1. Could you work out the pair-distance distribution P(r) of segment 58-168 from its alpha-carbon pairs, with 10 angstrom bin width and percents rounded to whole numbers?
2. From the Cα trace of segment 275-329, what convex hull volume per residue do you get, rounded to a whole Å³?
3. Please work out the Cα center distance from segment 1-59 to segment 189-262, rounded to the nearest Å.
4. Describe numerically, in nm with one decimal, the distance between label points set 7 Å from Cα along Cα→Cβ at ALA338 and at ARG253.
5. Give, rounded to the nearest 20 debye, the magnitude of the charge dipole that segment 118-209 has about its Cα centre when Lys and Arg contribute +1 at Cβ and Asp and Glu contribute -1 at Cβ.
6. How would MET293, MET152, MET1 rank on accessible area, largest to smallest, probe 1.4 Å?
7. Label-point separation (nm) for GLU93 and GLN65, each offset 7 Å from Cα along Cα-to-Cβ?
8. In deg cm²/dmol and to the nearest 500, what is the mean residue ellipticity at 222 nm of the chain if only DSSP H runs of at least 4 residues count, each as -39500 (n - 2.57), divided by the residue total?
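The values are calculated or read from the model by the stated rules, or taken from the named source; none is laboratory data. Predicted model, so just to flag it, every value in this text is computed and none were measured. Methodologically, a virtual Cβ is constructed for each residue, glycine included, from the backbone with ideal geometry; neighbour enumeration extends over all protein chains shown. Heavy atoms of the whole protein, side chains included, go into the accessibility calculation; ligands, DNA and RNA do not. Shrake-Rupley method; radii C 1.70, N 1.55, O 1.52, S 1.80 Å.
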Amino acid sequence: MKLATLKSQQRDGTLVVVARDLSQCQAVPDIAPNLQYALDHWERVRPQLEEVYTALNHGAARHAQPFDEAACHSPLPRAYQWADGSAYINHVELVRKARGAEVPPSFYTDPLMYQGGSDSFVGPRDPIAVLSEDWGVDLEAEVAIITGDVPMGASPEQAAQAIRLIMLVNDVSLRNLIPAELNKGFGFFQSKPASAFSPVCITPDELGAAWADSKVHLPLLVALNGQPFGKPNAGEDMTFSFAQLVAHAAKTRELGAGSIIGSGTVSNKQGSLHGSSIANGGVGYCCLAEVRMYETIEGGKPQTPFLHFGDRVRIEMHDAHGASIFGAIDQQVAPYRA
């Protein structure tokens, strides 16, 4: 099943069921006014939503309308919780290697995770709005899941059963603000502005065999200013599965329905700078920091700049037939306007 949230006068938007081919959708106010309501009452409303989904896919929906990705907010315009992990240790290894530091052994057994701002996400076609280019604006293409209720101390097996929906995310980072924040020893805050999620979120069964071991085994496609930038497989080199990430988040607290857990920047192991880009036959990158790491490791300093005003980022995932699964995050960097 595929779901989306259309922008409306309500802060939490209007929930719609979306056809598998993303061509049509249908609002379902009599079932659930918004996605958070659906998650809060999942066992009751899911069968009703699936009936609408089946009707849409068979051309039998009574109130179908064309689906417009540009009219979408993030599936959850705001959430009770947004926690982002760093499940791809290759990304961490590159960051550490670029500054001559070793990866602590615990990083391979205990996931990294930070708590992001969840009071206001932005839509998948909204700008990446910042006050200054000097902050070092970077994209971070990731996969994320939305949970149902999760008890404290849940096992990975219990956590896997609580995964309700899957989506993509651009977890923007302001790289030049990060060092000073981390040096305080209190984590990210100012360096993590509002994230944008894919127009559509899906139930895990939509992925078929591509959803295995609580991982998405498909390439994550990233384009920068219309040029291919990354296509790493999200299921490869993922040290911690989503089940493990959810269990980690729930170790000392309950997670409420509607909690979002991110994978961290998708990253596959590659040989070197000269073999890692798509142009050189590699799978490319899901953030600018990673290519800058390769440049630092091999040349002593980074050459690739961070994003400038006017730059455009596109993040998408295709199925085995080349069809878009989640729709596309397509954002342009722009000066913030209140």
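1. Using 10 Å bins, I get a P(r) of 10, 29, 32, 22, 6, 2, 0 for segment 58-168.
2. Convex hull of Cα atoms, per residue: 105 Å³.
3. Between the Cα centre of segment 1-59 and that of segment 189-262, the gap is 21 Å.
4. Output for this residue pair reads 3.0 nm.
5. That gives a dipole near 140 debye.
6. Solvent-accessible surface, decreasing: MET152, MET293, MET1.
7. Label at GLU93, label at GLN65, 4.9 nm between them.
8. So the helix-based figure for the chain works out to -5500 deg cm²/dmol.
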